[in-house]
Amino acid sequence: MSAASPEAPTVHPTAAIGQGYNPFDPAFQSNPYPFYARARSEAPVAFCPQFNVWLVTSQELINRVLKSPTLFSSLHNLDSPVVLPAEIEAVLAKAHYPLAPGLFNNDPPGHTRVRALWRSSMSRPKAASTTRTTTLACSRTAPPIPPGT
């Protein structure tokens, strides 16, 4: 969950830890474990200045966040982490529709309704009923994957 807000500090004592979080860096992707171990040890809640978000890395605190949607909102989870100049925002406002709340950028009760729809479509019987269609679609659009890869 994102806790980004205009009030988030530009420099925070935990920013040194948060600065190490870059899920888009191939080196980070190949081995994120040292970062998470350090974060859990030194700052289980750390400010990440490059994305303007707070990282929560301990299971106990994550559970508390997930159970407190009034304190920790998901509404801005998919917002751009970059603050754009007003001129660019004006152009984008004319050309793009706002992102509608869905599963990842929504709070209860809206999130509850969307989650119920997703759960019904992802049930074991529903997934099994689409196996033939999925296999047929994949065989027509994707090359076969060699065994053992």
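Report whether or not Leu71 is assigned to a loop (DSSP other than H, G, I, E, B) and either within 16 Å of Asn106 (Cα to Cα) or of a type outside the set (A, V, I, L, M) (or both).
In short, yes.
Can you find a residue that is out of contact with any Phe, Trp or Tyr (no Cβ under 7 Å at 6 or more places or on another chain), over 30 Å from Ser73 (Cα atoms) and β-branched (Val, Ile, Thr) anywhere in region 125-132?
yes
If Gln50 satisfies every condition in (1) in a helix (DSSP H, G or I); (2) in the same structural domain as His12 (by TED's automatic domain parsing); (3) among the polar types (S, T, N, Q) but one, which is the exception?
Gln50 satisfies every listed condition except (1).
I need the full set of residues from region 74-119 which are modelled with pLDDT of 85 or more, outside any helix (DSSP H, G or I) and over 24 Å from Ile62 (Cβ atoms), in order please.
Selection gives Leu84, Pro85, Ala100.
Here is a yes/no grid of residues against (1) closer than 26 Å to Val45 by Cβ; (2) basic (Lys, Arg):
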position: Asp79; (1), (2): yes, no
position: His111; (1), (2): yes, no
position: Ser123; (1), (2): no, no
position: Arg140; (1), (2): no, yes
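Give the residues of region 99-134 that are over 30 Å from Ser68 (Cβ atoms) and either in contact (Cβ under 8 Å) with a residue 12 or more places away in the chain or surrounded by 10 or more Cβ atoms within 10 Å (Cβ to Cβ) (or both), sorted by residue number.
Lys126, Ala127, Ser129, Thr130, Thr134
The values are calculated or read from the model by the stated rules, or taken from the named source; none is laboratory data. The shown structure was predicted, so the numbers you read here are calculated from the model rather than taken from an experiment. In this analysis, Cβ positions are derived from the backbone assuming ideal geometry, glycine residues included, and neighbour counts consider all displayed protein chains.
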